[in-house]
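Each remark here refers to the structure printed beneath this line.
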Amino acid sequence: MRRINIKPGAQIRDYLAYGSLTFMVREFLDETESLTKELETRTVWMINSTAIGGGVAEMVPSQLRILREMGIKVEWLVIEANDEHFFQITKRIHNAIHGMGEGDYSEEDMRVYERVNQLNLDKALSFIQDGDIVIIHDPQPLPLAKLIRMHRKVKLVWRCHIGLVNQNETTASVWKFLSQYTDSYDHFVFSLPGYIPGFLTDRSTVITPAIDPLSHKNRALQLHKCIGILHQSGIINDRKPVLYPFYKHQVRRVMPDGSFNTVNTHSNLDLIYRPIITQISRWDRLKGFAELLKAFLHMKKENEQRDNDTLAYRRINKARLVLGGPDPKFVSDDPEGREVLEELIEQYRGLPEEFQEDVAILLLPLDNPKENALIVNALQFSSSIVIQNSIQEGFGLTATEAMWKKTPVLVSGADGLVHQVENNVTGKINDDPTDIVSLSESMDLMLNDPKERDKWAFNGQVRVIEHFTLFTQLRKWLELLVRL
């Protein structure tokens, strides 16, 4: 168990300085003033499985900074685990909650699952005291509550960031397995009402995830800053960075033979000169990378039927697909990442040679969270369309991030995504992420209708401001903690 230090970042006055956020922040401060006073004597502990990579690790620092500024004592702990079997189990649990794979677990699985949490207990107890509030995130540290409860009089909340609205036999099995650990909790938090399993309905609250508009991943980038980040990270290499040096670890690109090299070694990506379709997620079969690559190839082939003197033909002909994700060696709690990446590389190697240059599979370094966030920001900002083609999706903050940047989004009909995007109003929904023809047509339509894209992009940012920023999320958390 490690205690994570939070670096300085944006303060409340910084958010108030943005005209688009001013009213919302002032309303938040007025509505929560009495709530913060009731929590002054408590310490709130956030516990999850990693401080690098993933939505939880991104959201927690901003939440802590704002809560601390409001006078609340809040800390962040991360469990430590070196057992590969443990992360294989928790990945299977993750997939099963999404209705994929199998929901059954052996006695040995349970022993490993509990043993890793037991090994983190003593360190946790050295921090947590009677009267504190402990918020545990996702399946990895779920068994910890029962252990803490034996030694401390605290309030315990489990925050589950994943789920499936249409439950099936797999989800029923995994929830049955997890139910042996839920009795120790006082309350539960889910991202959507449909994600709440029936046996937890009367003890659950819905809090949708949200972005920090002023984080490095979401801060407004001027054109020269965006291009500078692309230079520093190696995505553009036509000159040296002007103000800042190259990042220590450069973005790498998958080469036609499957090896990794610098982005522009084999062919120039031309990121800022072409229509760019981008999806950035962890390497996970549920993210729909394979289907998106098939649809892109289908769009390219169908485009050959057009008159090549038309603007529509040229747009699609010049379009490129960027598939970005973390270098798996930096992500300790996702053992499937490398396997899924290798599957995607094999699919890429099988593309016709004339189409390989139009696809860039990029490995984004995670050694420096700030640099990684800026790279993602620059890629989303410089894209024509950001796609989230998830088969299943707990929520999908990549769509929220792009909407905030006024980059038009195309998303699947996965539960978390349709909660964010209003079809043909704040973006476009292609309901079935496995329907290659429909997905191909949706990409073609968006690339060839820039006026609609601009409208959806503007409306998308408004929707994020109204529903999916840090402050809407924190208000609900404070109300819950006071009730507890």
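Numbers below:
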{"quantity": "Gyration tensor over alpha-carbon atoms, the chain, equivalent ellipsoid semi-axes in Å", "calculated": "38, 25, 22"}
{"quantity": "Residues whose placed amide H lies under 5 Å from that of residue 161, excluding near-sequence neighbours", "calculated": "138"}
{"quantity": "Spherically averaged projected area in nm², based on the convex hull that wraps the Cα atoms of the stretch 270-467", "calculated": "10.7 nm²"}
{"quantity": "Value of relative contact order over the stretch 270-467, rounded to a whole percent, pairs C-alpha under 8 Å and six or more apart", "calculated": "25 percent"}
{"quantity": "Residues of type lysines that residue 428 reaches as a straight line, Cα spacing below 25 Å, ignoring anything fewer than 8 places off in the same chain", "calculated": "217, 287, 294, 300, 301, 318, 405, 406, 451, 455"}
{"quantity": "Eligible aspartates and glutamates near residue 7 by straight Cα distance, threshold 18 Å, same-chain separation 8 or greater", "calculated": "58, 69, 75, 212, 367, 371"}
{"quantity": "Fraction of antiparallel bridges per DSSP, the chain only, in percent to nearest 5", "calculated": "15 percent"}
{"quantity": "Ascending count of other beta-carbon atoms within 10 Å, so fewest first, for 86, 199, 177", "calculated": "199, 177, 86"}
{"quantity": "Eligible lysines near residue 155 by straight Cα distance, threshold 26 Å, same-chain separation 8 or greater", "calculated": "37, 73, 123, 146, 176, 476"}
{"quantity": "Computed over the stretch 117-275: relative contact order in percent, which uses C-alpha pairs under 8 Å that are six or more apart", "calculated": "13 percent"}
{"quantity": "Fewest-first ranking of 160, 226, using other Cβ atoms within 10 Å as the exposure measure", "calculated": "226, 160"}
{"quantity": "Exposure proxy order (Cβ contacts within 10 Å, fewest to most) of 371, 354, 302", "calculated": "354, 302, 371"}
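Readers should treat all values here as calculations from the given coordinates under stated rules, not as data from a laboratory. All values reported here derive from a predicted model rather than from experimental measurement. Cβ: placed from backbone, ideal geometry, glycine included. Neighbour counts: every protein chain shown.
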